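Q: Take this structure, written in structure tokens, and hold onto it; I'll ask about it next.
The values are calculated or read from the model by the stated rules, or taken from the named source; none is laboratory data. Quantities reported herein were computed from a predicted structural model and do not represent experimental measurements. Backbone-built Cβ (ideal geometry, glycine too); neighbour counts: all protein chains shown.
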Amino acid sequence: MSHYPTVAVVILNWNGRKFLEQFLPSVLDSVYPSLQIVVADNGSTDDSIDWLGKNYPTVRLLCNPVNEGFAKGYNTALAQVQAAYYVLLNSDVQVTPGWIEPIIRLMENQPMIAACQPKILSFHQPRFFEYAGGSGGWIDAYGYPFCRGRIFDNCEKDEGQYDDPCPVFWASGCAMFVKASVYHEMNGLDDSFFAHQEEVDLCWRMQLAGYQVYVCPESVVYHVGGGSLPQGNPKKVYLNYRNSLMMLYKNLSVAEKIWKLPLRMTLDGVSGLKELFAGNPANMAAIIKAHCFFYKWIFSGKDRLFFPAKKPAKPHGVYKGSIVWQYFVKKKVKFVEIIGTKTR
């Protein structure tokens, strides 16, 4: 690259001292010329701030007095950071040499790309894709997200099958590159989501505005995952189901809302019964709680009518069928079994 636009890697930290100690050195080893590294502490109650000041006094530190969640926490932090590109990076991510340049080169060469992610592999099982993003996120017709390399809880072995850079529906928030100008044009992440699926919502809004979202597998990172809330935690279940419904209501057309939302909520009910019979009544209760919140949210009448002004004719990364049907009924557990080799 002959031109190196400014890049700010912003790590949102909440009680993650052990992750900072383990993974911050790999970020600091990055040799990209126009780079700043920022740690945004989100109301930590551990010794993260003291440890960082003692061991890495040159790293810029932004401090929130309270935990504002992933969405608002990043919005607060990024309002104080000046750069052409932001990298939203989880504290439990190990980056690899040269991880920044391929993505910036791709985004500079294709100006309509607003967000992009690297290939995300599991830190604990390095030959497998990691749950949070795999090799780029997709979504089905009813709002269920999945990835190239991960369908529900099944993470595939990385054998180079998804090594092509291509448009996707969403880029993972654990390692998301985003154009700062577009981030602010979209008013950032939706504060009301708090955590989970806020990046899917942001990428959807970007596509509705005419931008593209990409994956660049030439860049590779390793993610621990589950650092704040592990898979299966009832609070995580609640946030995922609640935020998914909110996202659908915000971004679907009026006609799509009428039939897709009732069907989606029926599928959620089936999922709740499955949790009950599997011996997880707390997860079923979390799904019911999510639906109750959604009804209240709709009928509150405050800032709840969203009608997309511009919708691309063929948004990328949308599976027109049901991923639930394919996975649980037809027993297709790999991305390629459902989508084939198509990436567009």
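Q: Out of the residues in the range 63-105 that are among the hydroxyl-bearing types (Ser, Thr, Tyr) and part of a helix (DSSP H, G or I), state the one that is nearest to TYR131 (Cα to Cα).
A: If we filter the range 63-105 for residues that are among the hydroxyl-bearing types (Ser, Thr, Tyr), which is where we start, we get 74, 76, 85-86, 91, 96.
With the extra rule that they be part of a helix (DSSP H, G or I), the set shrinks to 74, 76.
Numbers: TYR74: 21, THR76: 27 Å.
Only one residue tops the list, namely TYR74.
Table: residues versus (1) crowded, with 20+ Cβ neighbours inside 10 Å; (2) assigned by TED's automatic domain parsing to the domain that holds PRO97; (3) on the phi > 0 side of the Ramachandran plot.
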| residue | (1), (2), (3) |
| --- | --- |
| ARG150 | yes, yes, no |
| ASP153 | no, yes, no |
| GLY160 | no, yes, yes |
| ALA171 | yes, yes, no |
| MET176 | yes, yes, no |
| ALA209 | no, yes, no |
| GLU218 | no, yes, no |
| LEU245 | yes, no, no |
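Q: Next up: Find all pairs meeting these conditions: Cβ atoms under 6 angstrom apart; at least six residues apart or on different chains; first residue within the range 240-251 and charged (D, E, K, R); second residue not in a helix (DSSP H, G or I).
A: Hits for this filter: LYS250/PHE306.
Q: Restricting attention to the range 1-16, which residues are within 9 Å of LEU35 (Cβ to Cβ) and among the hydroxyl-bearing types (Ser, Thr, Tyr)?
A: TYR4, THR6 - these are the residues of the range 1-16 that are within 9 Å of LEU35 (Cβ to Cβ) and among the hydroxyl-bearing types (Ser, Thr, Tyr).
Q: Filter the range 181-190 for residues that are part of a helix (DSSP H, G or I) and closer than 18 Å to ASN90 by Cα and give the result. Write out each step before concluding.
A: So the first thing to find is which residues in the range 181-190 are part of a helix (DSSP H, G or I), and the list is 181-185.
Matches in the range 181-190: TYR183 only.
Q: Exactly one condition in (1) at pLDDT 95 or above; (2) outside any helix (DSSP H, G or I); (3) aliphatic (A, V, I, L, M); (4) more than 26 Å from SER172 (Cβ to Cβ) is false for ALA285; which is it?
A: Single failed check for ALA285: (2).
Q: So, in the range 247-275, how many residues would count as being surrounded by fewer than 15 Cβ atoms within 10 Å (Cβ to Cβ), in a helix (DSSP H, G or I) and not charged (D, E, K, R)?
A: Taking the range 247-275 first, the residues surrounded by fewer than 15 Cβ atoms within 10 Å (Cβ to Cβ) are 253-256, 258-259, 262-263, 266, 269-270, 273-274.
With in a helix (DSSP H, G or I) added as a condition, the list becomes 254-256, 258-259, 262-263, 266, 269-270, 273-274.
Then drop every residue that is not not charged (D, E, K, R), which leaves 254-255, 258-259, 262-263, 266, 269-270, 273.
The number of residues fulfilling the criteria is 10.
Q: Just the residues that are among the charged types (D, E, K, R) and in contact with a Pro (Cβ under 6 Å, 6 or more places away or on another chain), please, taken from the range 80-130. Let's see the steps before the verdict.
A: Within the range 80-130, the subset among the charged types (D, E, K, R) is 92, 101, 105, 108, 119, 127, 130.
Listed by number, the list holds a single entry, LYS119.
Q: Out of the residues in the range 323-344 meeting the condition of being part of a loop (DSSP other than H, G, I, E, B) and at pLDDT 95 or above, tell me which one is nearest to VAL215 (Cα to Cα). I'd like the intermediate steps shown before the answer.
A: The initial filter retains those residues of the range 323-344 that are part of a loop (DSSP other than H, G, I, E, B), namely 330-334, 340-344.
Those left that are additionally at pLDDT 95 or above: 330-334.
On the way: LYS330: 28, LYS331: 26, LYS332: 23, VAL333: 21, LYS334: 18 Å.
Out of the qualifying residues, it is LYS334.
Q: For ALA40, indicate whether it is touching a strand residue (DSSP E or B) at 6+ places or on another chain (Cβ under 6 Å) and either closer than 18 Å to PHE177 by Cβ or part of a strand (DSSP E or B) (or both).
A: Working: touching a strand residue (DSSP E or B) at 6+ places or on another chain (Cβ under 6 Å): yes; either closer than 18 Å to PHE177 by Cβ or part of a strand (DSSP E or B) (or both): yes.
Against the criterion (touching a strand residue (DSSP E or B) at 6+ places or on another chain (Cβ under 6 Å) and either closer than 18 Å to PHE177 by Cβ or part of a strand (DSSP E or B) (or both)), ALA40 qualifies.
Q: Restricting attention to the range 145-153, does a residue exist that is part of a loop (DSSP other than H, G, I, E, B) and either under 22 Å from GLU218 (Cβ atoms) or free of Cβ contacts under 8 Å to residues at least 40 places away in the same chain (or both)?
A: If we filter the range 145-153 for residues that are part of a loop (DSSP other than H, G, I, E, B), which is where we start, we get 148-149, 152-153.
Retained after the next criterion (residues that are either under 22 Å from GLU218 (Cβ atoms) or free of Cβ contacts under 8 Å to residues at least 40 places away in the same chain (or both)): 148-149.
Yes, there is a match, as at least one residue in the range 145-153 is part of a loop (DSSP other than H, G, I, E, B) and either under 22 Å from GLU218 (Cβ atoms) or free of Cβ contacts under 8 Å to residues at least 40 places away in the same chain (or both).
Q: Within the range 39-50, restricting attention to residues that are farther than 12 Å from SER91 by Cβ and in contact (Cβ under 8 Å) with a residue 24 or more places away in the chain, which residue is surrounded by the fewest Cβ atoms within 10 Å (Cβ to Cβ)? Working first, answer last.
A: Step one: of the range 39-50, the residues farther than 12 Å from SER91 by Cβ are 43, 45, 47, 49-50.
Pick out the ones that are also in contact (Cβ under 8 Å) with a residue 24 or more places away in the chain and you get 43, 45, 47.
Values: GLY43: 15, THR45: 8, ASP47: 11.
The qualifying residue surrounded by the fewest Cβ atoms within 10 Å (Cβ to Cβ) is THR45.
Q: Still on this model: For LEU35, which of the numbered conditions (1) over 26 Å from SER192 (Cβ atoms); (2) in contact with a Pro (Cβ under 9 Å, 6 or more places away or on another chain) fails to hold?
A: For LEU35, the exception is condition (2).
Q: I'm trying to understand the selection: among the residues of the range 1-26, which are part of a strand (DSSP E or B) and touching a Gly at 6+ places or on another chain (Cβ under 7 Å)? It would help to see each step written out before you state the result.
A: So in the range 1-26, the residues part of a strand (DSSP E or B) come out as 7-13.
LEU12, the sole residue that qualifies.
Yes/no matrix, rows are residues, columns are (1) under 13 Å from the mean Cα position of the chain (by Cα); (2) in contact (Cβ under 8 Å) with a residue 40 or more places away in the chain:
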| position | (1), (2) |
| --- | --- |
| THR76 | no, no |
| ALA83 | no, yes |
| VAL87 | yes, yes |
| TYR131 | yes, yes |
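Q: Still on this structure, please answer the following. Could you list, in sequence order, the residues of the range 47-62 that are in a helix (DSSP H, G or I) and among the hydrophobic types (A, V, I, L, M, F, W, C)?
A: Residues satisfying the conditions are ILE49, TRP51, LEU52.
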